[in-house]
Amino acid sequence: MNVNYMVSLIAVIVLFLLAYVGVEAAGLQFLFGIIVPYLAVIAFIGGVIYRIVDWARSPVPFRITTTGGQQKSLPWIQPAQFDNPSTTAGVIVRMALEILFFRSLFRNTSAHLDKAGKLSYIWEKWLWLGALAFHYAFLTVLVRHLRFFTEPVPLPVKLLETLDGFLQIGIPVIQLSGVVLLAAALFLLLRRVLIPQVKYISLAADFFPIFLLIGIALTGILMRYFTKINVIAAKELAMGLVTFHPSIPQGGIGGIFYVHLFFVCILLAYFPFSKLMHMGGIFLSPTRNMPGNTRAIRHVNPWNYPVKVHTYEEYEDEFREKMIEAGLPVEKE
Amino acid sequence: MSDLPKSDDLLSKIDPRPPAKSWMDTPVNIRKGMYCYASNPKSVEYVGLPHARAWNPLEEDWNLPENWKEIIYEGFRERLDKFRSFKVFMDICVRCGACADKCHFFIGTGDPKNMPVLRAELLRSVYRNDFTTAGRIMGKMAGAREMTVDVLKEWWYYFFQCTECRRCSVFCPYGIDTAEITMMGRELLNLLGLNIDWIATPVANCYRTGNHLGIQPHAFKDMIDFFVDDIEEITGVRVEPSINKKGADILFITPSGDVFADPGTYTCMGYLMLFHFLKEKYGFDITWSTYASEGGNFGSFTSHEMMKRLNAKMFAEARRLDVKWILGGECGHMWRVIHQYMDTLNGPADFLEVPVSPITGTRFENAKSTKMVHIAEFTADLIKHGKLDLNPGRNDNLRVTFHDSCNPSRGMGMFEEPRYIIKNVCNYFHDMPANTIREQTFCCGSGAGLNAGEDMELRMVGGLPRANAVKHVHEKYDVNMLACVCAIDRAALPPLMEYWVPEVGVTGLHELVANALILPGEGERTTDLRGEPLPGMEGDDAEE
Ligand code: SF4
Ligand code: SF4
C-alpha cells in the first residue's frame, strides 16, 4: 500500500464527507454555497497573480533555448523554424504547438533493452493521448458550465454543448466530455500506480489533484444522469454568485451538488499553490519561449557584473621569457 | 580501469526497476567507478573559489564549513531570485515521467535517481522545505525534506552524474531542463568547495595558461610545429601557421584537447591544412592564440561566474590582436557557451566586424552579434561555393557515421552543416537511427567534466545508448568510423567504442576534410593523416 495515494484518497473522502454532512445534516448551505466559493475564487485569482508575479520578478539572465531542430545559419540550409525558432513569430508557433498540442510530449518514446543487449526506442503515444484528452475534456466541461453563469447563454456555449452531446444514447443526452474527463483521469491515475518508475517519483501532491478531479467528474456525472438535481435552482445559485447577489435558492439542490461545488472550490484554492501552476509556468519556460538566436541578437543580463579575469598582460608577464625564446610575438620586450 | 567489469556483465546488471523503499529514505551510496575524485585544493584556491581544502568523498566527514547550511540556503535563495529558469523549474514539474528514460545515465544504470525528474527532485525537495508554504507545513507529504549532510552528498554524487546534455529537456512538456538544475546544483556545491578535480584543475589551468591542459605558450608552439612536420611528411607541403599574430583576418580558437590528445590531434592537423589552403589560394590570414588557446569552458561546469571569467579571454584576445572576427573549432560545450552565453556574458563585441567570408562573400547573419562562426558553418559554406579542391575517394576506406554532440545539438541546432561536409569529403555515410541523432542524440557519457579515469564505469554505462546505436550501423552498414565535432567526444568516444564496439574508430570532422583536401603543390599522398595507407595504396609493399 502506497502511503502517498492513500493519504490523497482519504483527504478527498474527508472533503466529500465535510460537504455532504455539512449540507445534509448541519444545513450549512450558506457556508458551502456562498462563502467557500467566494473564498476559493479569491484564493485562485490572488494566488495565480501572486505566483506569476513572483516568477516574473526573477529575471531571465540568459537565452537558454532548448533547440529541437536545425538552426538558421547558411541561406541554403532549411532551418526548423518552429523547433528552433529564430524569430518571435517562430516562438509563438512553437509555444502554440506546445500549449495546444503538447508537441514535446508527442515525441515521447520508451526505451527497451532486449536480451541481446540491444536498445530500442518505441514511440509512446499513450501519455500524450491521455494528457491531451484530459486537458481538452476539462476545457470543454469548463466552457459548458458557463451556461450556469450566463443569461442568456451565449451561442458558442450552446453549440459546444450540442457538439459535446452528439452521442445521443438516451435522455438525458450523454455529454462526451464528462466521460472522457473521467476516463482520462483514471488513466493518469492508473499510470501512476502501475508504472513502477512513475509510481516511484509520485508524491501525494500528484495523487491528490487526480482524486479530486475524479471526485468532481463522478459527482457531476452522478447528478446529471442518476440523482437528477434541481438544475434551475443550481443556476439560480450560480447567477447569484456571479452577479454578487448571492442567495441560497429555495427548494434545495441536494447534498451531492454541494459536494461537487466544494470539490471545485478546493481545486481552485489549491491550484495556485501546487504543480497545477504548470498551466501558467509553461508560458514562462525559458527553454521554450525564447528564440535560439543569441549569436545574432544580443541578450542582455540585467545583473551582469564585472568579474576577475586573468588578463593578457598578467599572462605575458608570467611567460614572457619562454614566449620570446619560442619566437612568439610579445607586447613588451 | 582494471576494476571495470566486462561489457556483458555490465549490461546484465542494468535493472530499471526501482527499489521498494521511497527515494527519500534511501541514502546515497557513493560507489567506486561512478564518481570523480574531489577537487585539488590548490586548483580551487588558484581561482579564488571558496573553501579550498582536502576532502574525500568516501570519508564520512567532508570537512564542511561550520555554517554550510546557511551558505546553501542563502545561495539557493540568491539563485531563485536571479534565474527565472530555476524558479519556474522548481515549481512546475508534474512528475509525469516523460523525461525518465530519456537520460543515458538512467538507461545505463537503472538507478532511479538518474531519472532527470528525480535528479531535480533532489533539489526540489529542499526547495519545498525551505521556500514554500506547503512544504513547510506538510513536510514529507508535500515532497519536502530538510537539508542534511546526507542530502548534500546525494547532490554531489548525482549532479556529477549528469552531463548537462539536455536530452531530458527536449521531451519535457514544459521544457524543464535538468541540465540547468544541475548547473545550479553544482554552483551550490561549489560554494562549499565541493567540485570534482577533473573540473577544478582544468579551470585553474585554463585561467592561468589559457587552456585546460596547462600547456604553456612555448609548448603550445612546439606542438603546432610538430604537426607542421607531420603534415610535411604526409603531403610534402610545409604549412606556416601564425600564432599570436596582430592584424590577421581572423582569430581561431579550438579546444586544447585537439592540440594534445589523439585522435583530436589529427583534427588539429586538419585545421592547419585547411588554413594553409585558404592562405595560399585566397590570401586568407588566420591566427592562433596561446593566451586564448582553449575553446572549451570548464567554468561552465562550475558556475556562471567561472564561465564568464574563462570565456572573457576570447573577446579580449580578438580585441588585442585586432582581428575582424573569430572562428571557433570543433567542440561541444564550447559552443553552448558561445552560442547561448558569450555575448551576454562578455559582449557586446562591437570592436569586431559582422563575420563575412572574404572567399565566398557569405555574411554570417546568424553570428552578426557575437561575431563568432563555427568552423563547420565556415567550411560548409566553402564547399557549397566550390572553393575547396576535394578528393573524397581518399576517405574510401571509411564508412562514416556522425555523432551529434549534445551541446551543438540542443543548445544550438547544428545538424546539417557537419553532415553536408561529411557527404562532400567521404563517399560512405550512414546516419544512426532517428531516435539517437540530431536533437534526440545521446551523450558520449563523459560530458560536463566527467571524462576522468576514475569514473570509467559511469562513463561506459552513460555512453551505452550512444554505443548501441553505433553498433547498429556498424552491423548493418559496416560503419567503421564515428565522426564528431567535439573535443570531449574525441577523448571519450575511443574508450567507449573500445568497450562496446571495438571495430569502430573516432575522428573529428576536419580530419576527414583534410584527408580529402588537395593542397596546392602537394606530392602524391600514400597515407592519411594517421599514417595509415590511403585506399588503393595499401599494397605498396605487397604489390604483385
Ligand atoms: S518530463 Fe518534465 S514535467 Fe514530466 S517529470 Fe520530467 S521534468 Fe517533470
Ligand atoms: S541533462 Fe542529460 S544527463 Fe542530465 S539529467 Fe538530463 S538527460 Fe540526464
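At-a-glance table
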{"item": "Residues satisfying the stated conditions in the range B:355-388, i.e. aliphatic (A, V, I, L, M) and either more than 10 Å from chain A (Cβ to nearest Cβ) or over 28 Å from the mean Cα position of the chain (by Cα) (or both)", "result": "B:356, B:359, B:375, B:382, B:383, B:388"}
{"item": "Enumeration of residues in the range A:41-60 that are within 17 Å of residue A:245 (Cα to Cα) and surrounded by 13 or more Cβ atoms within 10 Å (Cβ to Cβ)", "result": "A:41"}
{"item": "Residues of the range B:74-108 classified as of a type in the set (Gly, Ala, Ser), within 11 Å of ligand 1 (Cβ to nearest atom) and touching a residue at least 24 places away in the same chain (Cβ under 8 Å), total", "result": "1"}
{"item": "Count - residues of the range B:396-430 that are open to solvent by 10 Å² or more (accessible area, probe 1.4 Å) and within 14 Å of chain A (Cβ to nearest Cβ)", "result": "6"}
{"item": "Those helices (runs of 4 or more DSSP H) lying entirely in the range B:5-82 with at least 3 residues away from every other protein chain (no Cβ under 14 Å)", "result": "B:41-46, B:68-82"}
{"item": "Only listed residue being among the small types (Gly, Ala, Ser), over 30 Å from residue B:333 (Cβ atoms) and within 11 Å of chain B (Cβ to nearest Cβ), chosen from A:11, A:56, A:19, A:80", "result": "A:11"}
{"item": "Considering residues of the range B:312-326 that are among the hydrophobic types (A, V, I, L, M, F, W, C) and either surrounded by fewer than 24 Cβ atoms within 10 Å (Cβ to Cβ) or assigned to a helix (DSSP H, G or I) (or both) only, the residue nearest to the other protein chains (Cβ to nearest Cβ)", "result": "B:312"}
{"item": "Tally of residues being touching a residue at least 24 places away in the same chain (Cβ under 8 Å) and either crowded, with 21+ Cβ neighbours inside 10 Å or within 9 Å of chain B (Cβ to nearest Cβ) (or both) across the range A:180-210", "result": "16"}
{"item": "Matching residues in the range B:348-369 - criterion: being of a type in the set (A, V, I, L, M) and open to solvent by 30 Å² or more (accessible area, probe 1.4 Å)", "result": "B:354, B:356"}
{"item": "Residue in the range B:58-73 that is touching a residue at least 60 places away in the same chain (Cβ under 8 Å) and under 27 Å from the mean Cα position of the chain (by Cα) present", "result": "no"}
{"item": "Filtered residues of the range A:69-90 (kept if in contact (Cβ under 8 Å) with a residue 24 or more places away in the chain and either under 20 Å from residue B:381 (Cβ atoms) or open to solvent by less than 30 Å² (accessible area, probe 1.4 Å) (or both))", "result": "A:71, A:72, A:84, A:85, A:86, A:90"}
{"item": "Out of A:30, A:44, A:62, sole residue that is within 30 Å of residue A:252 (Cα to Cα) and within 27 Å of the chain's Cα centre (by Cα)", "result": "A:44"}
{"item": "When residues of the range B:205-216 are limited to those that are polar (S, T, N, Q) and assigned to a helix (DSSP H, G or I), the one farthest from ligand 1 (Cβ to nearest atom)", "result": "B:209"}
{"item": "Helices (runs of 4 or more DSSP H) contained entirely in the range A:218-299, each with at least 1 residues that are away from chain B (no Cβ under 14 Å) and in contact (Cβ under 8 Å) with a residue 40 or more places away in the chain", "result": "A:231-242, A:255-270"}
{"item": "The range B:417-456, residues that are within 16 Å of ligand 2 (Cβ to nearest atom) and out of contact with any helix residue (DSSP H, G or I) (no Cβ under 7 Å at 6 or more places or on another chain)", "result": "B:435, B:437, B:455"}
{"item": "Subset of the range B:336-381 (residues that are more than 30 Å from residue B:423 (Cα to Cα), free of Cβ contacts under 8 Å to residues at least 24 places away in the same chain and assigned to a helix (DSSP H, G or I))", "result": "B:344"}
{"item": "Residue in the range B:173-193 that is away from ligand 1 (no atom under 16 Å from the Cβ), modelled with pLDDT of 95 or more, hydrophobic (A, V, I, L, M, F, W, C) and under 18 Å from the mean Cα position of the chain (by Cα) present", "result": "no"}
{"item": "Qualifying residue in the range A:281-291 (condition: open to solvent by 60 Å² or more (accessible area, probe 1.4 Å), modelled with pLDDT of 95 or more and within 32 Å of the chain's Cα centre (by Cα))", "result": "yes"}
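For every residue, the table says whether it meets (1) in contact with a Ser or Thr (Cβ under 8 Å, 6 or more places away or on another chain); (2) more than 30 Å from residue B:158 (Cα to Cα).
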site: B:192; (1), (2): no, no
site: B:203; (1), (2): yes, no
site: B:226; (1), (2): no, yes
site: B:230; (1), (2): no, yes
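The values are calculated or read from the model by the stated rules, or taken from the named source; none is laboratory data. Keep in mind the model is a prediction, meaning the values are calculated, not measured. Here Cβ is always computed from backbone atoms with ideal geometry, including for glycine, and neighbour counts include all displayed protein chains. Protein only, heavy atoms only, side chains kept; ligands, DNA and RNA dropped before computing areas. Shrake-Rupley method; radii C 1.70, N 1.55, O 1.52, S 1.80 Å.
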